[in-house]
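Peer 1: I'd like to ask you about the structure that follows.
The values are calculated or read from the model by the stated rules, or taken from the named source; none is laboratory data. What you see is a predicted model; the values in this text were computed from it and never measured. For neighbour counting, all protein chains shown are included, and Cβ atoms are generated from backbone atoms with ideal geometry for every residue, glycine included. Heavy atoms of the whole protein, side chains included, go into the accessibility calculation; ligands, DNA and RNA do not. Shrake-Rupley method; radii C 1.70, N 1.55, O 1.52, S 1.80 Å.
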Amino acid sequence: MLYDTGQMSIMGFFDVLKHAGFLRRVIRDLKAAVRREMPDAVLLVDYPGMNLIMAKFCRELGIPVIYYISPQVWAWKEGRVKAIGASIDRLLVIFRFEVDFFRKHGIDAEFVGHPVIEELSEVQLPPKEAFLRAHGIGADAQLVGLLPGSRKQEVSHIFPGMLKGARLLVGNRRVVFLMGRAPNLDGVVYRELEEYRDLRIVECSAYEVMQYSDLGLVTSGTATLEALCFGMPMVVLYRTGWLNYMIGRMVVKLTSISLANIVAKGLGAKQQAVPELIQDAADGKGIFREASRILDDPALAAAMRAELLEARAGLASESPSRRVAEVVEEYLVGTGRRGALKIKE
């Protein structure tokens, strides 16, 4: 272990620039380690800003490169497709639609399934009744989940509006809020809670939030995909710095930003399975309006839950990690296909 990936959990164009010196040092040290060890194969996982650089470097050294969890070139930076074709021997993707996307660009990709399905298959949670009893929650309470994100920047931008919306939701309802804190963040990040002691907030794991909540307020990211797998009706929230947002609008070409909507409705679909509130719309009043609409309409919530659970089936695979291991093993025993990815001229 050369670096802890928590050190590289950086969001936004300007935050990346701010940490450019550190990231260059990481790449330099990784290259030195690869050149020193000369591994039989390299498995790159996600993180395209760094891993595409490492893929090119490893390929030049003649080391087979397997990439698991493809760069999201279908969302932005489509020009990276050529770099993928030139530097990677095997591309293992986690969404079915990615196979068709890369095929259009002349690249073979293999769908292995999403790792979240494999992870969730090992999760065991008590029945809802037992959870309610353990926390002294009445059976007539509406449970609203709060998932403000796993990065400091996310929480600072989104959590204040989330709490304002939560306070408005109480109104005439009997609401208990289930909150999942990111274990990698210290308590200072959640200081906003001091101003909301009037709310009943039960802290629990993110998976408990998703399993038991009638509705979730979820920061856009992997959490929306996990929530989809639980069939939790949700309102997706996204907010960032103004300049980051303006740049993002120019480069991101998606009609929906959340993985829940992309998986449930398809890449480029105009319809949404769950509502998204972006930037200024993700304020207390906007959150209150969308959340109330779902909480006050059981039929709407049930239909949303059914659609999300149906979409989960499209992510299924018996064991993504086992398949990835099998592919890596092919190269360790010398049977791997070199140069499998080709770009059509």
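Peer 1: Just give me the residues in segment 134-190 being acidic (Asp, Glu) and exposed (fewer than 15 other Cβ atoms within 10 Å of the Cβ), in sequence order.
Peer 2: Correct list: 140, 186.
Peer 1: Would you please name the residue that is nearest to residue 20 (Cα to Cα), looking only at residues in segment 32-45 that are open to solvent by 60 Å² or more (accessible area, probe 1.4 Å) and in contact (Cβ under 8 Å) with a residue 24 or more places away in the chain?
Peer 2: Residues of segment 32-45 that are open to solvent by 60 Å² or more (accessible area, probe 1.4 Å), as a first pass: 35-38, 40, 43, 45.
Among the residues that remain, those that are also in contact (Cβ under 8 Å) with a residue 24 or more places away in the chain are: 35, 38, 40, 43, 45.
Details: 35: 23, 38: 26, 40: 30, 43: 24, 45: 20 Å.
So the residue we want is 45.
Table: residues versus (1) farther than 20 Å from residue 221 by Cβ; (2) modelled with pLDDT under 95; (3) in contact with a strand residue (DSSP E or B) (Cβ under 6 Å, 6 or more places away or on another chain).
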position	(1), (2), (3)
290	no, no, yes
297	yes, no, no
304	no, no, no
312	no, yes, no
332	yes, yes, no
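Peer 1: I need a count of the residues in segment 143-162 that are in a helix (DSSP H, G or I) and either touching a Gly at 6+ places or on another chain (Cβ under 7 Å) or within 17 Å of residue 280 (Cβ to Cβ) (or both). Write out each step before concluding.
Peer 2: Looking only at segment 143-162, we keep the residues that are in a helix (DSSP H, G or I), and these are 152-162.
Next cut, either touching a Gly at 6+ places or on another chain (Cβ under 7 Å) or within 17 Å of residue 280 (Cβ to Cβ) (or both) only: 153-162.
So the count comes out to 10.
Peer 1: OK, next. Select from segment 255-303 the residues that are in contact with a Gly (Cβ under 7 Å, 6 or more places away or on another chain) and in a helix (DSSP H, G or I) and write down the one among them that is farthest from residue 170 (Cα to Cα).
Peer 2: Going through the qualifying residues, I end up with 263.
Peer 1: Something else about it: Consider residue 16 carefully, then state whether it is open to solvent by less than 20 Å² (accessible area, probe 1.4 Å) and either at pLDDT below 90 or of a type in the set (D, E, K, R) (or both).
Peer 2: no
Peer 1: Residues of segment 210-227 being in contact with a helix residue (DSSP H, G or I) (Cβ under 6 Å, 6 or more places away or on another chain) and closer than 17 Å to residue 125 by Cα, which ones? Let's see the steps before the verdict.
Peer 2: Keep residues of segment 210-227 that are in contact with a helix residue (DSSP H, G or I) (Cβ under 6 Å, 6 or more places away or on another chain), which gives 210-212, 215-219, 224-227.
Scanning segment 210-227 gives 210, 211, 212, 226, 227.
Peer 1: Name every residue in segment 110-164 that is closer than 22 Å to residue 190 by Cβ and touching a strand residue (DSSP E or B) at 6+ places or on another chain (Cβ under 6 Å), in order of residue number.
Peer 2: Matches in segment 110-164: 135, 137, 143, 144, 145, 146, 147, 148, 149, 154, 158, 162.
Peer 1: If you don't mind, there's one more thing I want to ask. Conditions first: (1) open to solvent by 50 Å² or more (accessible area, probe 1.4 Å); (2) in contact with a Leu (Cβ under 9 Å, 6 or more places away or on another chain). Residue 295 passes all but one, so which condition is the exception?
Peer 2: (1)
Peer 1: Only residues that are under 16 Å from residue 226 (Cβ atoms) and either surrounded by 13 or more Cβ atoms within 10 Å (Cβ to Cβ) or among the hydrophobic types (A, V, I, L, M, F, W, C) (or both): list them for segment 115-133, please.
Peer 2: 115, 116, 117, 118, 119, 120, 123, 125 - these are the residues of segment 115-133 that are under 16 Å from residue 226 (Cβ atoms) and either surrounded by 13 or more Cβ atoms within 10 Å (Cβ to Cβ) or among the hydrophobic types (A, V, I, L, M, F, W, C) (or both).
Peer 1: So which pairs qualify, if the first residue must be in segment 144-167 and at pLDDT below 95, the second must be part of a strand (DSSP E or B) and open to solvent by 10 Å² or more (accessible area, probe 1.4 Å), the Cβ gap must be under 8 Å, and the two must be at least 6 apart or on different chains?
Peer 2: 158/238
Peer 1: Out of 207, 190, report the one residue that is under 21 Å from residue 294 (Cα atoms), among the hydroxyl-bearing types (Ser, Thr, Tyr) and under 24 Å from the mean Cα position of the chain (by Cα). Talk me through it step by step, then tell me what you get.
Peer 2: Details: 190 fails: under 21 Å from residue 294 (Cα atoms).
Answer to the check: 207.
Peer 1: Quick check on segment 191-235: of everything there that is surrounded by 23 or more Cβ atoms within 10 Å (Cβ to Cβ) and in a loop (DSSP other than H, G, I, E, B), which residue is modelled with the lowest pLDDT?
Peer 2: Taking the candidates together, the pick is 220.
Peer 1: Count, please, the residues in segment 244-254 that happen to be part of a helix (DSSP H, G or I), β-branched (Val, Ile, Thr) and modelled with pLDDT of 65 or more. I'd like the intermediate steps shown before the answer.
Peer 2: Filtering segment 244-254 down to residues part of a helix (DSSP H, G or I) leaves 244-251.
Within this subset, residues satisfying the condition of being β-branched (Val, Ile, Thr) are 247, 251.
In the following step, the residues that additionally are modelled with pLDDT of 65 or more were identified as 247.
Matching residues across segment 244-254 total 1.
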